[in-house]
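Everything below concerns the one structure shown next.
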Amino acid sequence: MSLDAPGTEPLLSLDGEVATVTLNRPRHRNRLEAADLQALVRHVRAVDADPAVRVLVVTARVQGPAPVFSAGFDLAGFERHPGGPGGAVDAFAQAVEALAAARPLTLAALAGSVYGGAVDLALACDFRLGVEGMEARVPAAAIGLHYYTAGLRRAVATLGLPAARRLFLAAEPLDAAALQACGFLDACVAPVALEEEVRRRCAALAALAPRAVQGMKRTLRELAEGAGEPAAWRQRELATHASADFAEGIAAVRARRAPVFRGA
């Protein structure tokens with residue numbers, strides 16, 4: 001598809017155990033409109049319903065010498081939303097929460113800079129890969145907007161309070177090196193190497209035992225948010241003890257071979 005073609009809602013594609021959601025408004029720096037948020041929720045639900053999918057990648061088509069993964073929420077949407085600015089913020093937050101709660105492991109492939117609400121979209125993923133030359137900036141304070149609380153909580157849990165202050169209180173742009181240092185990026189590669197690095201990491205993640213990683217993903221999120229119940233955490237733990245995947249893992253170690261996990 002040509003980068004000059006009109007943009008569309010995010011696209012969903014499947015390739016074996018990996019699903020990919022692609023933001024598809026490169027001419028408008030992949031701003032997120034109301035229809036895009038609705039499509040994102042639909043795609044996450046579709047992926048959640050397919051047990052064969054073990055990894056969900058969120059990426060974007062980008063263009064220009066200063067590519068942008070996403071410029072965040074379409075500012076005009078604050079005026080157009082029937083619920084007003086509050087309704088628009090709630091719709092955005094709900095879409096990001098759907099991604100944060102996705103069943104598979106999630107990987108944000110950030111092919112360019114990240115701004116505004118898209119910073120939280122990236123933080124909602126389990127892992128983030130970036131490219132040299134990118135930056136992240138949240139201009140909420142510069143336009144008089146209090147960022148929604150769920151996004152602030154996620155930033156503090158992931159990045160720590162000092163980095164969150166730089167992003168949200170100072171509206172400071174953080175370059176790729178700073179983003180990697182504070183834990184926003186798990187790795188940073190040259191733009192031409194991003195696609196191959198995504199493939200490599202997806203293969204490694206998809207090879208892990210799905211019941212174990214998906215259970216630990218939920219528990220880690222609940223621990224970070226101060227939510228959930230110890231009984232539920234223990235139940236997820238115990239469920240793996242008698243699982244076929246655990247037996248396969250032990251057998252593979254003894255046989256010095258790669259395990260083949262079925263999610264059972």
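The values are calculated or read from the model by the stated rules, or taken from the named source; none is laboratory data. Given the structure is predicted, the values throughout are model-derived calculations rather than measurements. Every residue, glycine as well, gets a Cβ built from its backbone with ideal geometry; the counts of neighbours run over all protein chains shown.
The table below gives the values:
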read-out	value
Filter result (aliphatic (A, V, I, L, M) and under 18 Å from V156 (Cα atoms)) within segment 216-238	L220, L223, A224, A227
For M216: the one exception among (1) closer than 27 Å to P139 by Cα; (2) modelled with pLDDT of 95 or more; (3) outside the structural domain of A124 (by TED's automatic domain parsing)	(1)
Any hit, segment 94-112, residues being modelled with pLDDT of 90 or more, closer than 27 Å to E195 by Cβ and in contact with a Pro (Cβ under 7 Å, 6 or more places away or on another chain)	yes
Count of residues meeting criterion [touching a Lys or Arg at 6+ places or on another chain (Cβ under 6 Å) and among the aliphatic types (A, V, I, L, M)] in segment 15-33	0
D15 among the charged types (D, E, K, R), more than 23 Å from F92 (Cβ to Cβ), assigned by TED's automatic domain parsing to the domain that holds C125 and at pLDDT 95 or above	yes
Near pairs, Cβ below 9 angstrom, 6+ apart or cross-chain, from segment 23-42 (at negative phi and crowded, with 18+ Cβ neighbours inside 10 Å) to any residue that is in a helix (DSSP H, G or I) and of a type in the set (V, I, T)	L37/V96; L40/V96
Complete set of residues in segment 127-158 that are crowded, with 21+ Cβ neighbours inside 10 Å and either acidic (D, E) or closer than 23 Å to L194 by Cα (or both)	R128, L129, G130, V131, M134, A136
A164 vs. criteria farther than 18 Å from L123 by Cβ and either assigned to a helix (DSSP H, G or I) or in the same structural domain as A122 (by TED's automatic domain parsing) (or both)	no
Selection from segment 46-75 of residues that are under 29 Å from E132 (Cβ atoms), of a type outside the set (V, I, T) and part of a loop (DSSP other than H, G, I, E, B)	R54, R61, Q63, G64, P65, A66, P67, A71, G72, D74, L75
Selection from segment 143-161 of residues that are in a loop (DSSP other than H, G, I, E, B) and closer than 21 Å to Q94 by Cβ	L145, H146, Y147, Y148
Residue that is of a type in the set (G, A, S), more than 23 Å from D36 (Cβ to Cβ) and not assigned by TED's automatic domain parsing to the domain that holds V47, where the choices are A170, A177, A181, A227	A227
Segment 183-238: number of residues that are over 25 Å from R257 (Cα atoms) and either in contact with a Cys (Cβ under 6 Å, 6 or more places away or on another chain) or not in a helix (DSSP H, G or I) (or both)	12
Whichever residue in segment 90-114 is touching a Ser or Thr at 6+ places or on another chain (Cβ under 7 Å) and assigned to a strand (DSSP E or B) and, among such residues, is surrounded by the fewest Cβ atoms within 10 Å (Cβ to Cβ)	A109
Positions within segment 9-45 being assigned to a strand (DSSP E or B), out of contact with any Pro (no Cβ under 7 Å at 6 or more places or on another chain) and polar (S, T, N, Q), in sequence order	S13, T20
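The rows are residues; the columns are (1) under 16 Å from V62 (Cβ atoms); (2) crowded, with 22+ Cβ neighbours inside 10 Å; (3) over 14 Å from the mean Cα position of the chain (by Cα).
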| site | (1), (2), (3) |
| --- | --- |
| A163 | no, no, yes |
| F184 | no, yes, no |
| V192 | yes, no, yes |
| E195 | yes, no, yes |
